[in-house]
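Let me begin by presenting the structure, written as structure tokens, before commenting on it.
The values are calculated or read from the model by the stated rules, or taken from the named source; none is laboratory data. Quick caveat, the model's predicted, so the values are computed rather than measured. Here the Cβ positions follow ideal geometry from the backbone for every residue, glycine too, while neighbour counts run over all protein chains shown. With ligands, DNA and RNA removed, areas are computed over all heavy atoms of the protein, side chains included. Shrake-Rupley method; radii C 1.70, N 1.55, O 1.52, S 1.80 Å.
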Amino acid sequence: MKILNFGSMNLDYVYRVDTFIQPGETKSSQSLMVNCGGKGLNQSIAAAKAGNEVYHCGIVGNGGEMLEKQLKENGVNTSLLDHSSQQCGHAIIQVDDKGQNCILLYGGTNQLLTEEYIDRSLDAFGHEGLVLLQNETNLVGHIIAEANKRGLKTALNAAPMDEGVASYPLDLLDWLIVNEVEGKQIAGCTSDDDIIPVLREKYPSCSVLLTLGSRGARCFTEGREYRIGCFDVDVVDTTAAGDTFSGYFLYGVLNGKSIPQALLLATTASAIAIGKSGASDSVPYLAQVEEAIEKQIFGTLDVEVLE
Ligand code: RIB
């Protein structure tokens, strides 16, 4: 099944630090790398490297030529991209000695989508496939509603979370992808264990993928809940690990894999991504992921199924 991703594209300025900078502190970084990122771009590349036919929609701004090139070189169809002379989106990312990150976003052209561009792109895409969204672009609610009207499936990764998410027609989604912070805010609960039960109740026709970092992931779809743990791997850089997970999971569910298989593919792909620096550059190809599973490079994981 084809994927149309209305996705953010960012130049990631990645500063290596021993520990994150504190308020009032001036600090020298150990290195700077400029990478291609953006949750949208990373997810398009993950879904394409997994084997999906992916169309990326968004506005390439000034300075963003390498973002378009990166999408093309990784097999993403860029024919629906638009261009603007305004500044492209970027992210200032600190990665510490533990491989954890913190990210400051500048939206740039990611925030300049228009209803006219969205509707035109949806019309060009056709009536079969899945529309993928993250919360780094404007007009997310409009895209969900218009995609739904056209009979397209929809998946939203509600990251980064903000107050706007509550106004989106989440009840129309086929898949809601959240981490524990986003999940608790949308569900309005305080415990990780309540996220899926509350979201099931609130959005009965929407399947939920809940990622829990080093505690694994849970998924609720078609009346069943699935749980998978996480491999114990050396962390180099967690940037885009979640995007890799989403891209591979969607590949699995859109290509006839069972939910346990999709969860294992996604968990393995993100374990590989965590072992490498960078955002979209850290996303593995399907063959690497399948080899890692077959040779049990990271060990084995069982998927628990709860009726
Ligand atoms: O999920 C990681 C991504 O978040 C980075 O590539 C950065 O650009 C931000 O969008």
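Data overview
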item	result
Residue among 163, 201, 180 that alone is within 16 Å of the ligand (Cβ to nearest atom) and either farther than 22 Å from residue 52 by Cα or open to solvent by 10 Å² or more (accessible area, probe 1.4 Å) (or both)	180
Where a residue in segment 287-307 is open to solvent by 100 Å² or more (accessible area, probe 1.4 Å) and its partner, wherever it lies, is part of a strand (DSSP E or B), with Cβ under 8 Å and at least six apart	302/228; 307/224
Residue in segment 30-44 that is more than 14 Å from the ligand (Cβ to nearest atom), in a loop (DSSP other than H, G, I, E, B), within 22 Å of residue 267 (Cα to Cα) and not basic (Lys, Arg) present	no
Residue in segment 12-28 that is nearest to residue 133 (Cα to Cα), counting only those that are surrounded by fewer than 22 Cβ atoms within 10 Å (Cβ to Cβ) and touching a residue at least 60 places away in the same chain (Cβ under 8 Å)	13
Any hit, segment 65-88, residues being of a type in the set (D, E, K, R), more than 16 Å from the ligand (Cβ to nearest atom), under 27 Å from residue 142 (Cα atoms) and not in a helix (DSSP H, G or I)	yes
Of all residues in segment 151-160 being open to solvent by 40 Å² or more (accessible area, probe 1.4 Å) and more than 16 Å from the ligand (Cβ to nearest atom), the one that is nearest to residue 254 (Cα to Cα)	153
Considering residues of segment 92-121 that are without any contact (Cβ under 8 Å) to a residue 40 or more places away in the chain and farther than 22 Å from residue 63 by Cβ only, the residue least open to solvent (accessible area, probe 1.4 Å)	119
Residue list for segment 122-173, restricted to those being of a type in the set (Lys, Arg), over 18 Å from residue 80 (Cα atoms) and assigned to a loop (DSSP other than H, G, I, E, B)	none
Residue 148 being within 15 Å of the ligand (Cβ to nearest atom), open to solvent by 10 Å² or more (accessible area, probe 1.4 Å) and polar (S, T, N, Q)	no
